[in-house]
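All remarks here apply to the structure that follows.
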Amino acid sequence: MSRFYITTPIYSVNALPHLGTFYPTVVADALARYQRARHGRENVLFVTGLDEHGQKIERIARDRGVDPQTYCDEIAARFEDTWRQIGIANDDFIRTTQPRHRLAVAEMWRRLQKDIYESEYDGMYCVGCEEAKTEDDVVADGDRKLCRIHLTPVERVKEKNYFFRFSAYADKLLAWYDTNPVRPESRLNEVRSFVRGGLRDVSISRRAVKWGLPVPGDPTQTIYVWIDALTNYLTVLGGPDAVAAGQGKAAFWAGAHHLIGKDILRFHAVYWPAMLMSAGIVPPRQISCHGYLTVKGQKISKSMPATRVDPLAIASEMGVDPLRYFVLREYTFGGDGDFTYEALFQRYQSDLGNDLGNLLNRTLSMVRKYVGDSLPASPAANPAAQELLAAAQSAWESFDPSGALEATWRLIRAHNQKIDEAKPWVLHKNGETQRLTEVLAGCCEALRWAALLVAPAVPSAAREILRQLGRLEDEGSWPADWGWPGGTVAEPTPVFPRIDPDRQAALIAQWVPAEAPAAVSPAPAAAASRASGPAAARTATTAAASTLPAANVPAASAPPVAAAPPADVSIDDFAKIDLRAAKVLAAERVAKADKLLKLTLDVGAAEPRTVVSGIAPAYTPETIVGRTVIYFANLAPRKIRGVVSQGMILAAGDDEVLGLSAVDQEVAPGTKIR
Ligand code: ME8
């Protein structure tokens, strides 16, 4: 049996797990579970982990006043805990700060040696992307250049670096693409045309970055974070030397499948295979690229708190299976997909409750009522059902969870329909015992297969279904053919209990984020005091909205208290204040002022405005760019730390910034707020 090795990207520790990273992790977990059941545990290796080095992390840790390793350790604990809670059964968890990885990257560097040379790098770099940028990747903002993705200023880097000769690999990559290693095909075409456009050599070390792995033989330089990160896929197999020599877990490499998002396609489908070719290792078998999960069309991400969907909060109310089922069924792997809580409840109620849950409940009730606890074996063939089983299995094999679940649901629905048509209660009344047993055994068999086919998506529910069917021994195995083998069924109990509409509405209200930053803090106390949710929302209405342009925001972490009520003002007085929606185009720290950010705002006017705001304790530049905030436009300009602040933005909190005040719908910059 060939080995199956599946990986997720190693997630950057600049964010806690969110639905955007939950998605590929659950897809990989489900595919691994299917493969284990079909081909044996020992043939499957599923790995996820964390990407911990680089300038971005170095800066976040510095801003939080902790050393990078402490910061990474605390975020890593949160990731591991989250994955455990949502049933991710990974075989290994790789962290790029582990000693085994340090060794593997040093080996990789040595294997790449023939294509590495020293040269001067003089160009732009985006820390958010951790990537060098060309003129095509940036937009002009006055005399500055902003990264097109992050809209934050790119940095000018001029230093002596080591370069990798990617330019030498264009033809080999194009030949490799002919073996169809990237899917969907549209993504394969994308990388093909990128490579055809010409490959440039890339700087693969940094002098100025300390938080990284040292270049072997030159401790003045650290290895570029992407060279470091990509090598993780070999670290878990014993490192590049072991893989090249076919030792250790090297046998898994031939079955390597990387699941990745579309933003990191180029790294995986161009740079990584070129590195492997240079290192004398064959490229991965398959790279499967998925799209983005969005909320109201906006990519779910840490830097967009309004898109925050917390898998753990949902799981604590509904269990983990419904959300796992939802993401696997709702989104076709490869495309983008929008998330709504309403769709989640809809799928829960109709697919899990009305179709699967109902088939289980009515079948078992009738078996116990008309036949007794024990339902004897019934090997009757069912070609139509077998066709659906084949379709579901082939979809799981070809990385199409949504297709696999769709085929399984056709099987489930067909058997609910069979009950409606055959009317077992009439067969019982007419004494047609053999036909009655056949119909019910057919339904039990459909449920047994359904449980096995949905187990990769909903492992706990599948186990419970098998238990109620009296077939727990089938868990994790694969029957040879269709035909109820017999079993002693249990009293049916709802696997997916109904959630009434009022409760659904209450849960949605609880889950939709208040306008507060997604808390990624290594210090639980700080996270709690900055929590999003009802507490923060209440604060916004009871505390006077704080004006935060100045540097004098005290660092006190005491919970906010309600301010004394301000004197009444007339509506005419209020009308004098010009409040506008404004979009944050760019943000940067103000030198020697820990609490200040200099923001560039699109206020709908020809020229952007500059505002200096004391929100740096709660927002990094990366987390605020792209947000729509409320802007006090006609506040008299004021010079703060040498920068003229043209107005201010509103936020909640007295002593501490709890959250920005913002608008909850996308509105054009400059829209008047009254
Ligand atoms: O890129 N929808 O890490 P990362 C779907 N460390 N996928 C999403 C998503 C969303 N809303 N948000 C994020 C890195 N992702 C590197 C990887 S691998 C050697 C190094 C996906 O944490 C994103 O597309 O920024 C990417 O594939 C993955 O999460 C990791 O993103």
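The values are calculated or read from the model by the stated rules, or taken from the named source; none is laboratory data. Being a predicted model, the structure only gives us computed values, none of them experimental. Using ideal geometry, Cβ is built from the backbone for each residue, glycine included, and neighbour counts are taken over all protein chains shown. Heavy atoms of the whole protein, side chains included, go into the accessibility calculation; ligands, DNA and RNA do not. Shrake-Rupley method; radii C 1.70, N 1.55, O 1.52, S 1.80 Å.
Between Ala274, Ala244, the distinction of being surrounded by fewer than 23 Cβ atoms within 10 Å (Cβ to Cβ), more than 13 Å from the ligand (Cβ to nearest atom), in a helix (DSSP H, G or I) and not aromatic (Phe, Trp, Tyr) belongs to Ala244 only.
I want to confirm something. Restricting to segment 11-39 and keeping residues that are open to solvent by less than 20 Å² (accessible area, probe 1.4 Å), more than 14 Å from Ser301 (Cβ to Cβ) and small (Gly, Ala, Ser), which single residue is nearest to the ligand (Cβ to nearest atom)? Per the stated criteria, the residue is Ala28.
Scan segment 250-264 and give yes if some residue there is among the basic types (Lys, Arg), surrounded by fewer than 23 Cβ atoms within 10 Å (Cβ to Cβ) and either within 11 Å of the ligand (Cβ to nearest atom) or assigned to a strand (DSSP E or B) (or both), otherwise no.
yes
Checked against (1) more than 9 Å from the ligand (Cβ to nearest atom); (2) under 28 Å from Trp478 (Cβ atoms), Thr8 meets all criteria but (1). For Thr600, the test of being under 26 Å from the mean Cα position of the chain (by Cα) and crowded, with 19+ Cβ neighbours inside 10 Å is failed. I need the full set of residues from segment 145-168 which are surrounded by 21 or more Cβ atoms within 10 Å (Cβ to Cβ) and at pLDDT 95 or above, in order please. Hits for segment 145-168 are Tyr162, Phe164. Which of (1) of a type in the set (A, V, I, L, M, F, W, C); (2) in contact with a Gly (Cβ under 9 Å, 6 or more places away or on another chain); (3) open to solvent by less than 10 Å² (accessible area, probe 1.4 Å) does Val612 not meet, given it meets every other one? The failed condition is (2).
Taking the listed residues Phe496, Phe399, the one that is touching a strand residue (DSSP E or B) at 6+ places or on another chain (Cβ under 9 Å) and modelled with pLDDT of 95 or more is Phe399, with no other qualifying.
Residues that are outside the structural domain of Lys56 (by TED's automatic domain parsing) and at pLDDT below 80: find the strands (runs of 3 or more DSSP E) completely inside segment 570-674 holding 3 or more of those.
none
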